[in-house]
Amino acid sequence: MQISEKYSPQETENKWYSYWLENNYFHSEPNEKPPYTVVIPPPNVTGILHMGHMLNNTIQDVLVRRARMQGFNACWVPGTDHASIATEAKVVAKLKSEGISKSDITRDEFLKHAWDWTDKYGGTILEQLKKLGCSCDWERTRFTMEPKLSEQVIKSFVDLYNKGLIYRGYRMVNWDPEAKTNISDEEVIFKEQNGQLYYLKYKIEGTRDFLSVATTRPETIFGDTAVCINPNDERYAHLRGKRVIVPIVNRAVPVIEDDYVDIGFGTGALKITPAHDTNDYEIGKRHGLPVIDSIDNDANLNEHGQHYAGKNRFEVRKLIARELEEKGLLLKSEDYVNKVGTSERTGAVIEPKVSVQWFLKMSEIAKPALDVVMNDEVKFHPEKFRNTYRHWMENIRDWNISRQLWWGQQIPAYYFGEGEGDFVVAETAEEALELAKLKSQNPHLIISDLRQDQDALDTWFSSWLWPISVFDGVLDPDNKEINYYYPTSDLVTAPDIIFFWVARMIMAGLEYRQEVPFKNVYFTGIVRDKQRRKMSKSLGNSPDPIELIEKYGADGVRVGILMSSAAGNDLLFDEELMLQGRNFATKIWNAYRLIQGWTKDDSINANSSDLQAITWFGNQMDKTIAEIADQFEKFRISDALHLVYKLIWDDFCSWYLEAVKPGFGDPISTEVYQKTIVYFEELMKLLHPFMPFLSEELWQNVADRTPEQALVIAQQRKPMAYSVDLIRDFETSRELISGVRNYRQSKGISPREMVEVFTNAQTFTNENLVRKLANIAEVHFGQKTDKPSFTFMVGGTEVSIPLSESLDLEEEKARTEEEIKYLQGFLISVERKLTNQKFMAGAPQQVVDNELKKQKDAQDKIALLSEKLKSL
């Protein structure tokens, strides 16, 4: 059927996505084929598509569609993440708008609101991924809070606890006062902030003297329990064993000595506040200091803050600085740039706090996970991230896995008494009861005597099981699906979650399957705007991907975003790239319209120039297929797309179609037409992973296809042998043709005006093709001309075209003289290098050879132009 004049992406996309779903092409079941498995990095369940998602999922879809067309049983598992902190914050805000406080309702009531919120807003992002063309197995969609996945999370917690890897400890944590929960070290982002360094006066007990102590946080003095000096600091030798008075608080605290103190920072004396600083906490433990927590969970001063109780920590910082100054207790203050820890999720400034939390020991399970990456059992693309990974893994700390939230898997620890060890860990309350009876030696305990821990598990504690849990591999470790699909093949993710997720999945895979969870990790870059800023809602610099799809078509957007997304390198987003993608779609559409418009004639045989073009393009395509396979091996997806782009736009449209195109109104040989269609179909197979909608539309138009013949499941051509010599010869022919075309363009001569050519060559390879595409009337082989000519070189072949009589010879002469002058200047600069002894002695031979080639090329061109000048 004749296609329309213009390509309509919206109509095509809806039609073919529905067709693919109806025919279940994306669904996978274990079979005799080799599996190709990808698990989606689960986006937040209530999230919406942003540019990072679009880049990540386009790359995944390219890999999955290509695998499907390479004979693999491709399985792409989609799903969403319950995102404890983000989702709970939204639900709390919604309740607040309705006049309900979280503290006024029960956990079950809150969870009902959370599930209602999830049901209402959840899943939008998965529907948006369909608009992008993602070929996920939607029947396999999972959610990290669904019953089966939650059951696996709880089971793994109990297992790790029983192995002695999970423990409950009193430790310093990172408190997020906005999310009202602690967060892991990896979720703390350090940012430079301008602040003040305050020099406070601590009076030395029993004297009129004082000790100057520098701090950036004067509001924490209410928790001070010591002042620390370095034992090697002779300035303070007289203070050993003395006590000082904390200003305003008027509490006497000891002067202690510890090597941790930096003699050169501030005054060399450090206030120790074990409750509100990680390093102070460690010093406090070493010296047995009391812990006074003076800041509550809302980051306000509590009763220990005396007259500042109830006020926010930052407000108190300003007020207390004023009070210290008024009382003569502030020596001075100065501007200071400090690195402040902030919450990766909310942006709030972290408040270090001491509390009882649950931790997972990392040292034992980190070592094997480091080894598999360093020995390339898991390959990182690009490799540079191996060093980042190694540094973190070698300095890893225990993972704080408890969160003071309700939305998430509730920690399966059950308390039966008030003692520190009066708890048991079990998968169910019934199992916990039996364990509690044994541990307490109280057979009369009943379930209502047990209190389950109120904290929820860190969201990443469910996500780290994702490649296993989506196939129910924790519940049933020997099931058919986990044995077939695991380990998965490739993981596509962003480098900013290399620690949160990638490292932990590797640990979980080795712990529960004794096998890595994936073979390759492809790290995408971060999408930034032209000013190199990370795209975000707050900056208003992130376009809506769905609007881009509506404007440029899904295929145009996919091509646009992939064109500049080399692995691991940040992508500088430019809407012009989307336009380039749409223009590529238009080019392909118009190329097919051109072919469709030809009239076939069985009585016409293919001529020699047709056969030359057919033979060349077949070899060129096989060469490109091999190069594409090589780029995919290296995970250079963008480079693979560039190869497809060049093969279609340059080689097929600009050269092959021009070579076989019949004259205006003339028919084409049926043989040539059919070969052209075969080539076009092969091109659509190569294009399909990148531009699925357009390629399926054209594929289905070429011939009537059954569902079994759809492009989405067609098999791509395997790399075949090709002739390097034939391709090189055709490249020479292209240069000859381009040289003649350049002559016409530079002189303003019509492409229809035939020219004659003089050359020192005895013959041209692909002569008939050269004659046709360069529109040459006659070639004088082995001859020179005395006429004023346009001359150019192709390798060692000299080609001269007598100038048209309509040209202004004086103007041509001036242009030639200018060109000779430029080349002579260029030659001088090259020869200056070649006569420089230092350069010749130190430069690699290849560099010297390049300079010698430049010298010879310049000399040859000057000689040619000098001959031309004489003839003029």
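Take the alpha carbon atoms of region 746-771, find their center, do the same for region 392-459, and report the distance between the two centers in whole angstrom.
86
With only alpha-carbon atoms counted, please give the Rg and Dmax of region 681-838, in Å.
Computed over the Cα atoms of region 681-838, radius of gyration and Dmax are 23.5, 72 Å.
With N denoting the number of residues in region 322-407, provide Rg(C-alpha) divided by 2.2 N^0.38 Å, to two decimal places.
After normalising by residue count via 2.2 N^0.38 Å, the value is 1.75.
Report the accessible area of TYR167, computed with a 1.4 Å probe over the heavy atoms of all protein chains in place, in Å² rounded to the nearest 10.
60
What number in nm² do you get for region 341-484 if you take the convex hull of its Cα atoms and divide its surface by four?
12.6
Per-residue accessible area for TRP138 at 1.4 Å probe radius, Å² rounded to 10?
Rounded to the nearest 10, that gives 40 Å².
So what does PHE781 come to for accessible area, using a 1.4 Å probe and Å² rounded to 10?
PHE781 exposes around 50 Å² with every protein chain in place.
Tell me the net charge near PHE730. Cut-off is 15 Å between Cβ atoms, PHE730 excluded, with +1 for each Lys or Arg and -1 for each Asp or Glu.
-4
Taking the dipole about the Cα centre of the chain, with the C-beta of Lys and Arg at +1 and of Asp and Glu at -1, give me whichever of ALA858, ALA348, CYS136 is farthest to the positive side.
Looking along the dipole axis, the top candidate is ALA858.
Per residue, how big is the convex hull of region 241-389 when only Cα atoms are used? Give it in Å³.
Per-residue hull volume (Cα only) is 205 Å³.
Hey, can you grab everything whose amide H is under 5 Å from the amide H of TYR336? Only 5+ residues off in sequence or another chain; H modelled, so Pro and N-termini drop out.
The list, which skips near neighbours in sequence, is GLY195, GLN196, LEU197.
Rounded to a whole number of µm²/s, how large is the Stokes-Einstein D of the chain at 25 °C and 0.890 mPa s, given Rh as the Kirkwood radius over C-alpha pairs?
For these conditions, the coefficient is 74 µm²/s.
Considering only the other residues whose Cβ falls under 9 Å of the Cβ of ASP570, what net charge follows from Lys and Arg at +1 and Asp and Glu at -1?
+3
Using the Cβ atoms and a cut-off under 10 Å, what net charge is assigned to the surroundings of PHE499, where Lys and Arg are +1 and Asp and Glu are -1?
The answer is -3.
Over region 630-748, what relative contact order in percent results from Cα pairs under 8 Å that are six or more residues apart?
Value for region 630-748: 16 percent.
Quick one: pull the percent of accessible area on the chain belonging to carbon and sulfur, 1.4 Å probe, ligands and nucleic acids left out.
Carbon-and-sulfur percentage of accessible area, whole number: 49.
Rounded to whole Å and sorted largest first, what semi-axes of the equivalent ellipsoid does the C-alpha gyration tensor of region 100-166 yield via the square root of 5 times each eigenvalue?
Gyration-tensor ellipsoid for region 100-166: 28, 24, 8 Å.
Amide H to amide H under 5 Å from PHE210: which residues, 5+ apart in sequence or cross-chain, H placed 1.01 Å off N in plane?
ILE204
In nm, give the distance between the simple-model label positions of GLU515 and ASP725, each being 7 Å from the Cα along the Cα-to-Cβ direction.
For the pair GLU515/ASP725, the computed spacing is 4.9 nm.
Where does region 385-465 land on Rg(C-alpha)/(2.2 N^0.38 Å)?
Values: Rg = 17.0 Å, N = 81, 2.2 N^0.38 = 11.7 Å.
The reported ratio for this selection is 1.45.
Would you kindly calculate the translational diffusion coefficient of region 543-637, applying Stokes-Einstein with the Kirkwood radius from alpha carbon pairs, for 4 °C and a viscosity of 1.567 mPa s, and quote it in µm² s⁻¹ without decimals?
Calculated translational D: 78 µm²/s.
Enter the angle in degrees (range 0 to 90, nearest 10) between the Cα long axis of helix 504-513 and the first principal axis of the Cα atoms of the chain, meaning the one along which they spread out most.
Orientation of helix 504-513: about 90 degrees from the principal axis.
Can you tell me the FRET efficiency between PHE265 and VAL356 if r is taken as the Cβ-Cβ distance and R0 is 35 Å, rounded to the nearest 0.05? Numbers along the way, then the final one.
Numbers: r = 32 Å, r/R0 = 0.92.
Taking R0 as 35 Å, the efficiency between PHE265 and VAL356 is 0.65.
Using the heavy atoms of the protein chains alone and a 1.4 angstrom probe, what is the accessible area of the chain per residue in square angstrom?
For the chain, the solvent-accessible area averages 45 Å² per residue.
Please give the helix 670-687 orientation as an angle from the longest Cα principal axis of the chain, in degrees from 0 to 90, rounded to the nearest 10.
Approximately 10 degrees, to the nearest ten.
Using only the alpha-carbon atoms, how far is helix 147-162 inclined from the longest principal axis of the chain? Give it as 0 to 90 degrees, nearest 10.
Compared with the principal axis, the helix lies near 60 degrees.
Take every DSSP beta bridge with both residues inside the chain and express the antiparallel ones as a percent of the total, to the nearest 5.
Antiparallel bridges: around 70 percent, rounded to the nearest 5.
Provide HIS381, HIS444, HIS287 ordered by accessible surface of protein heavy atoms (probe 1.4 Å), highest first.
HIS444, HIS287, HIS381
Rounded to the nearest 0.05, what FRET efficiency do THR785 and ALA629 give with R0 = 56 Å and r taken as the Cβ-Cβ distance? Could you check? Provide the component values of the computation, followed by the final result.
On the way: r = 48 Å, r/R0 = 0.85.
Given R0 = 56 Å and the Cβ-Cβ separation, E is 0.70.
The values are calculated or read from the model by the stated rules, or taken from the named source; none is laboratory data. This is a predicted model, so every value here is computed, not measured. Here Cβ is always computed from backbone atoms with ideal geometry, including for glycine, and neighbour counts include all displayed protein chains. Calculation scope for accessible area: heavy atoms of the full protein, side chains included, ligands and nucleic acids excluded. Shrake-Rupley method; radii C 1.70, N 1.55, O 1.52, S 1.80 Å.
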